[in-house]
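Report on the structure given below.
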Amino acid sequence: MAPGPMIRFSSPCTLSHRALAVRLIAEACRLARGEETRDETSLAFDLRDPFDAEFVSAFAEIYNNIVLHAYERRSGDIELAITLAHEPVTGQVAMTVEIRDSGAAFDPSTVPEPDLDSLPEGGMGLHIARAMLDEVEYEPGPPNLWRLTKRRRAPESRPAPARASASGRPPAE
């Protein structure tokens, strides 16, 4: 895949800055779809596309974990690097978000699988991210590095519907 330009973003990593980071990821998902912005003044973002909803949800879970666990709600910073890579033959796009933080490191293998039957209040973030993305990688630091990747399959081409003639009947074959 040929990588496209990299988008970089640095910000305080707090719950009050979460919406800003999530908005950036939602806009990057829009770019991965090749969709143009229709309204530059709109503050809303559209998560109807499953790719967008899954990536944004997974990112938000990892972001929350950094705030709550790595920084323990104290001040800290994150750096985001977003790359879109296009495969010209298949039309597939891979979106990768690298998140760097200087909070406390941890070992993801020590995070137990959640008991989904009990619907726990917490402890689901890493599980959700792994379920929604193609790849979730973590390298302890400093700085700690999260690498989140999801591939967007090329839209399937569908045959054009048969056009009706002036009489309203399909054309004769």
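Among the residues that make up the range 85-97, is at least one of them closer than 20 Å to C13 by Cβ and of a type in the set (S, T, N, Q)? It would help to see each step written out before you state the result.
Taking the range 85-97 as the starting set, the residues that turn out to be closer than 20 Å to C13 by Cβ are 96-97.
Right, trim to of a type in the set (S, T, N, Q) and you get 96.
Yes, there is a match, as at least one residue in the range 85-97 is closer than 20 Å to C13 by Cβ and of a type in the set (S, T, N, Q).
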How many residues does the range 131-173 contain that are loosely packed, with under 10 Cβ neighbours inside 10 Å, aliphatic (A, V, I, L, M) and at pLDDT 55 or above? 1
Filter the range 72-89 down to the residues that are in a strand (DSSP E or B) and in contact with a helix residue (DSSP H, G or I) (Cβ under 8 Å, 6 or more places away or on another chain), then identify the one that is farthest from E27 (Cα to Cα). I78
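Filter the range 90-108 down to residues that are part of a loop (DSSP other than H, G, I, E, B) and either under 19 Å from the mean Cα position of the chain (by Cα) or free of Cβ contacts under 8 Å to residues at least 24 places away in the same chain (or both), then give me how many there are.
Selection size over the range 90-108: 2.
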Residues in the range 116-127: is at least one exposed (fewer than 13 other Cβ atoms within 10 Å of the Cβ), in contact with a strand residue (DSSP E or B) (Cβ under 8 Å, 6 or more places away or on another chain) and modelled with pLDDT of 85 or more? no
Hits in the range 1-35 (condition: in contact with a His (Cβ under 8 Å, 6 or more places away or on another chain) and at pLDDT 95 or above): S11
Criterion first (at pLDDT below 90, surrounded by 13 or more Cβ atoms within 10 Å (Cβ to Cβ), on the phi < 0 side of the Ramachandran plot and acidic (D, E)) does E40 satisfy it? no
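The values are calculated or read from the model by the stated rules, or taken from the named source; none is laboratory data. Fair warning: this is a prediction, and the values are worked out from it, not measured in the lab. Here the Cβ is made from the backbone with ideal geometry for all residues, glycine too, and neighbour counts use every protein chain on show.
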